[in-house]
Structures are given as C-alpha cells and as structure tokens.
Amino acid sequence: MKIFDNKKLFIFILTLISVGFVYGNFVYQLDFGFDNLLSGIRTPALLSFFGYITLLGDKYFIVILGVILSYLIYRFWTKDTFLLKIFWVALILNMISGFLIKYFVGRDRPLGAEIYEGYTYSFPSGHSLAALFVYGFIAVLVLKTREINIKKRYASAIFSALIILLIGFSRLYLGVHYLSDVVGGYFVGWFWLNFLVSFLKDIEREKDLNTVKVAS
C-alpha cells in the first residue's frame, strides 16, 4: 500500500500553499472583509447558538466522540483492531500537526478572540481540522455500510457535511478565526482523513477476499 500516494501528496501541497497564502495581501483583504461583514450581523441569540455548535469541534468532545466511534466500529464494523489503532494515530497526528502549524505560522487571532480562546494562535482552526477528520470519517463509514438503506446513508453523509460546515462557520461567527484559518484547518483534516481512508480501503479489500475464500 502506498501511504502517501499522489492524491495525498497533492492535498499536502495545497495545505502548505494555504499556509503561505496567510501572508498574502489578497487573503488578508478577504479575511478582514468577511470578518467585518459578520461583525455587522452578530446578535446575542446567534452568538449563543454558535457557541453551542462550536463545542461539537472542541478537542475534548472530539476525543469523547472518538471513543464512542471506536466502540461502534468494533461492535458493528470490524473486530480487527488495526483500523482503530490507525484511527487514533491519524486523529492524534491531525491535532499535533495543527498545533505545530499554529506555532510555525504564528498568526494572531482576530481582535477580541481572547474572550473565547485565550491567547493562542489562529492558523489553522483546530476545530475545523478536527471536525472534518472525525465527522468526515463517520460519513465515509456510513456510506460504506451496505446494511444501511442507501437513502439513509446519503442523508447521514449530508448531515455530517452540514456539521463540518456549521462548526467552521461558528468559528467565524464567534470572531475567533479568519476565513483562511478555517479553510486551512479543512485542508489539514482532509489530508489525515485521506491517510486513514487509504487503510480502510485495504481492510475492505481483505474482507472481500476472505468472503470469497469462505464462499468457495
């Protein structure tokens, strides 16, 4: 198996490019323009609503969700613990890489963000990279579970995508990240999700081969 195939390399390159673009004038204009736009439509009710939504991407919630997901994978998907080990390795590397990029780039958060986040760096959004990785993996697993009705599978995938987008938007609406922070977080999460899915495909292939051997 090629762990870093062309697709993953392409995503990784895009992630590095997105880091470089943080200092680009165009991205700065887009970031501040979007932040100013949202500042004019923030209301106490919506701030409260998105304050709850953003918790779905919090690192502690993601770890709890990961534990629940691990149980469900072992109970209903495969007894092979190899996938679970790779899941946790990829999840941890996803979070660590986001942390390292934050301190490598050293970008300050929007003014006033310390109310919610304290004095931590802005790029990339940790909530966004965690959300895309975990909820994206849930969508992949559901789509690959043939025992579930096809309409329910697609509905679950759409719901997962909606959660990912809402978590990203919550970071913008709360004023704790710029637009490029969220996009950069998605790139990092997408990279590690593809890393994980590459192993999932191998496990599926092995299961299919075993099924054929048993049938014959």
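Filtering segment 130-161 to residues that are under 12 Å from the mean Cα position of the chain (by Cα) and within 30 Å of Gly33 (Cβ to Cβ) leaves Ala130, Ala131, Leu132, Phe133, Tyr135, Gly136, Ser160, Ala161. Taking the condition hydroxyl-bearing (Ser, Thr, Tyr), more than 16 Å from the chain's Cα centre (by Cα) and under 20 Å from Ile163 (Cα atoms), does Tyr60 pass? So Tyr60 fails the test.
Selection over segment 150-206 of residues that are touching a His at 6+ places or on another chain (Cβ under 7 Å) and without any contact (Cβ under 8 Å) to a residue 12 or more places away in the chain gives a count of 0.
Residue count for segment 150-182 satisfying the condition of being in a helix (DSSP H, G or I), β-branched (Val, Ile, Thr) and within 30 Å of Leu111 (Cβ to Cβ): 4. Looking at the structure I just gave you, is Phe104 aromatic (Phe, Trp, Tyr), surrounded by fewer than 17 Cβ atoms within 10 Å (Cβ to Cβ) and more than 18 Å from Phe61 (Cα to Cα)? In short, yes. For Gly51, state whether it is closer than 22 Å to Asp181 by Cβ and either among the aliphatic types (A, V, I, L, M) or free of Cβ contacts under 8 Å to residues at least 60 places away in the same chain (or both). No.
Within segment 134-149, the set of residues being more than 11 Å from Trp77 (Cβ to Cβ), assigned to a helix (DSSP H, G or I) and without any contact (Cβ under 8 Å) to a residue 24 or more places away in the chain comprises Ala139, Leu143. Number of residues in segment 30-87 that are charged (D, E, K, R) and outside any helix (DSSP H, G or I): the value is 4.
Is at least one residue of segment 84-96 closer than 15 Å to Gly184 by Cα, at pLDDT 80 or above and surrounded by 13 or more Cβ atoms within 10 Å (Cβ to Cβ)? Yes - at least one qualifying residue is present in segment 84-96. Can you name the number of the only condition in (1) at pLDDT 90 or above; (2) crowded, with 16+ Cβ neighbours inside 10 Å; (3) over 17 Å from Pro110 (Cα atoms) that Thr54 fails? With (1) at pLDDT 90 or above; (2) crowded, with 16+ Cβ neighbours inside 10 Å; (3) over 17 Å from Pro110 (Cα atoms) applied to Thr54, the lone miss is (3). Residues of segment 129-149 that are hydroxyl-bearing (Ser, Thr, Tyr) and at pLDDT 95 or above: Tyr135 alone. If you filter segment 146-164 down to residues that are exposed (fewer than 10 other Cβ atoms within 10 Å of the Cβ) and of a type in the set (Lys, Arg), you find that the one that is farthest from Ile53 (Cα to Cα) is Arg146.
The values are calculated or read from the model by the stated rules, or taken from the named source; none is laboratory data. In this text, all values refer to a predicted model and were calculated from it rather than measured experimentally. Counting neighbours? That spans all protein chains shown, and the Cβs are built from the backbone with ideal geometry, glycine included.
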